[in-house]
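Single-structure report; data block below.
A short reminder: the numbers here are calculations on the coordinates, not readings from a lab. All values derive from a computational prediction rather than experimental measurement. Backbone-built Cβ (ideal geometry, glycine too); neighbour counts: all protein chains shown.
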Ligand SMILES: Nc1ncnc2c1ncn2[C@@H]1O[C@H](COP(=O)(O)OP(=O)(O)O)[C@@H](O)[C@H]1O
Ligand SMILES: [Mg+2]
């Protein structure tokens, strides 16, 4: 009974607040990350040598360095050059840039898997290179990249908890505060975990539905 | 010499000590995860019907919740509730290992399922029990096929290990931040930490590629799964 | 008359709605070479795999040397399978082991022989099938014919009382078929009891004690080669035989 009152009166409102902040972190980061990832993927495949080398370097760095180090760079590091970001902005910047590097891997693989004939056919119809990329190659490649990119979004949902480490109080942060006040660590973090499970499971289901909707007959996914 | 470079050089031995702790955490977690993941994968593929959904449940649970939440849950929550006294280091290894087991089990499962059915049949036809067939025929092949997946898993755990800083494990990240807040040389120090992680990733991937080459079966082409 | 070494009775197997085996019975006497023919999909592989329970029959009984095998039990099943050698169409060599280790492994792990003993035995079997020079090669480094001979050596090393061979030459290039058939012929001459599914009609004609024609999960007709290939009673048997013979002569 006491537990229930605690959950109802204290835990639920705080966790809901945190949940909402998490959502506000995840949705823009996922969107920006995906868009930037597509751009980087395209540059890596179709860019000239210098551009694709630069894009590759970006991907190596952002995939190789732990996200938490990246977040610390944006939040604690930038002031070194007198640039001050709010925790929230730093988190979104960090998530988007890191996520984009991973997305670009899947998109690059997918772009490379599209048969050369598609490009030739489009050229023969008078498409420009850019038109071909955006209206012929990319729509096919995105379907192939979707499982990988979807996975990346699930990861992002979980990694959004790291925002707490740069003092952006989202779901995990609210949980930590609650638990430290009440000493109900197990209960609170189980609740927090349940919230994340709901998010990741929902996202998985949504992505599966999206994959099913975008499926083209005979255009099977091959692992690459 | 610029002040920033000096700060990094000063801190370097301290950070390298941290790399050692990071590596111990990572290898411990991967080893622990491996020991759990093999039976999980075998149970999911060959186990009794009632067991398979339980493995799937385990995987769903440990893949669906952030590492940081698990670290807090185990370190501040369960350890206190169950009155067991574990160091932050131990909790870090256990939690990373439990999560890694979920991922590794799916790597092994994919590898096991990619083996031709005839391998198990031939083993059975020779009078092997299923346990022997799995131990001597299936796993040696499946584990070889799992090395690329392992390489991936290594680089993920290596990066995730930095999160254990939240419990105060004295690994690279914790030490970097500690020095940074005292010297105010944040940027150069984070860059150094990043570089150390890149080197460790590279080393691990090279090591596993070497292992893969070393245990490669002559003439056998690894198909993807 | 001598008691059959292997007897199966009333084997039934269905996958979903489809009945693959509809109560098949047969028996083999010691030293006999019995050949199973029939169109693809007749259920030959399923029957052979049911005999040593690689596929669980839905009904039916199996006896080895007069002793009934109760296939539900683990230890008895494993013991039974050691006595029944199986050769697969696609070899199923263990891909991670050399030819030698392929032959050794069951000796060591199943029959609990010492490594040395197993080594000597495996070498002897591999030499017997003409592969003494290839023992350190991995399956992927062997030709199809060599692989199939390793798999025969692997089965022989277990001292089987009966061998089941499921189209042992179907996956081979024509020029490699001969070397495998020669090994099987030698085995027959040494008195090995064998039940073999094959489309090698000339081989069957020359060496089989009995030909069994199967179709749609039923044994249609059985008899000595002269009868089945010469004057079969059943219309379907005659049709099938003339078709295969035609194919075979074309291949020459
Ligand atoms: N595991 C299985 N599941 C469903 N159907 C099967 C399976 N194995 C064999 N069959 C079916 O059983 C029939 C007989 O197969 P098989 O015994 O391989 O015939 P044969 O060896 O005479 O060509 C075929 O129609 C085949 O499709
Ligand atoms: Mg067959």
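Points to keep in mind about this one:
- Mean separation of Cα contacts under 8 Å, 6 or more apart, over the residue count of segment C:187-252: relative contact order %: 23 percent
- Against chain C, whose longest principal axis comes from its Cα atoms, helix C:144-156 is set at around 80 degrees.
- Computed from label points 7 Å out along Cα-Cβ, the spacing between residue C:185 and residue A:198 is 7.7 nm.
- For chain C, the share of alpha carbon pairs falling in successive 5 Å distance bins from zero is 1, 6, 13, 17, 19, 17, 13, 8, 4, 1, 0, 0 percent.
- Normalised contact order of chain B, rounded percent, pairs of Cα under 8 Å and 6 or more residues apart: 30 percent
- For residue C:231 and residue C:136, the difference between the fully extended length at 0.36 nm per residue and the C-alpha to C-alpha distance is 29.3 nm.
- Counting every other Cβ atom within 10 Å of each residue's Cβ, A:39, C:6 order from fewest to most as A:39, C:6.
- Most mobile of A:37, A:64, A:109 in a GNM of chain A (Cα contacts under 10 Å): A:64
- Build a GNM of chain B with springs between Cα atoms under 10 Å apart, and of B:147, B:65, B:107 the one that fluctuates most is B:65.
- Sequence of A:182, C:114, B:4 once ranked by neighbouring C-beta atoms within 10 Å, starting from the fewest: C:114, A:182, B:4
- Efficiency of FRET from Cβ geometry, residue A:205 and residue B:87, R₀ 41 Å, rounded to 0.05: 0.60
- Each Cα pair under 8 Å and six or more residues apart adds its sequence gap; the mean of these over the residue count of chain A is a relative contact order of 28 percent.
- Computed from the C-beta positions of residue A:81 and residue A:177 and an R0 of 30 Å, the FRET efficiency is 0.45 to the nearest 0.05.
- Projected-area average for segment A:102-224 over all orientations - Cα convex hull basis, square nanometres: 9.9 nm²
- Between residue C:3 and residue A:57, the simple label model (points 7 Å from Cα in the Cβ direction) yields a spacing of 8.4 nm.
- Rough spin-label spacing in nm, given labels placed 7 Å along Cα→Cβ, for residue C:40 and residue C:65: 3.9 nm
- The alpha carbon radius of gyration of segment B:3-224, expressed as a multiple of 2.2 N^0.38 Å, is 1.20.
- Legend: mean number of C-beta atoms from other chains within 10 angstrom of residue C-beta atoms, peptide B:183-190, equals 5.
- In degrees, nearest ten, helix C:115-128 long axis to first principal axis of chain C (Cα): 50 degrees
- In terms of other Cβ atoms within 10 Å, C:219, C:87 run from fewest to most in the order C:219, C:87.
- Shape of segment A:25-125, Cα gyration tensor, a/c cut at 1.5: prolate
- Between A:84, A:196, A:75, the residue with the greatest mean-square fluctuation in the GNM of chain A (Cα pairs under 10 Å linked by springs) is A:84.
- Remark: mean inter-chain Cβ contacts per residue of B:160-171 equal 3, using a 10 Å Cβ-Cβ cutoff to other protein chain atoms.
- Calculated FRET efficiency for the pair residue A:212/residue A:131, C-beta based, R₀ 30 Å, to 0.05: 0.55
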